[in-house]
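Just so you know, all these numbers are worked out from the coordinates, no wet-lab data involved. Quick caveat: nothing in here was measured; it's all calculated off a predicted structure.
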Amino acid sequence: MNGFLFFSKVAFILNVLFFVAIGFRYVNVDLPQSAASILVIGGLFLSLIVNLFINSWFIALLVRKRIELKINSIFFLNLVVLIIQLFIFFV
């Protein structure tokens, strides 16, 4: 369970990077190359992969009844961001 909580927090941080990267698409900001690389790799690429992984793990834990569903938790936020990411990337 500790691994799941750690990866859910990592997914949350990557989701924040995702929203920052999407925001910088519409605002012209001159970033250093290293910051732009972190935003592109972490925000646009890794956030989708980690989000798919953590939400699959969350559903598996729900099915095995090892975790309870709480609407005010970080897991729900990660699920909502995954739906937004799938909409942005594939629609």
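Scanning the chain for helices, which whole DSSP H stretches are 30 Å or more long along the axis (Cα) and average 1.0 or more by Kyte-Doolittle?
Details: long enough: 2-26 (37 Å, 1.52).
Correct list, ordered by number: 2-26.
Relative contact order of the chain, please, whole-number percent, based on alpha carbon pairs below 8 angstrom and at least 6 residues apart.
Values: 56 pairs, mean separation 33.9, N = 91.
Once divided by the residue count of the chain, the mean separation gives 37 percent.
What is the spread of the Cα atoms of region 32-83 along each of their three principal axes, largest first, in whole Å?
45, 19, 16
What does the convex hull of the Cα atoms of the chain come to per residue, in Å³, rounded to a whole number? Mind showing how you got there, number by number?
Values: hull volume 9.0 nm³, N = 91.
Residue-normalised Cα hull volume stands at 99 Å³.
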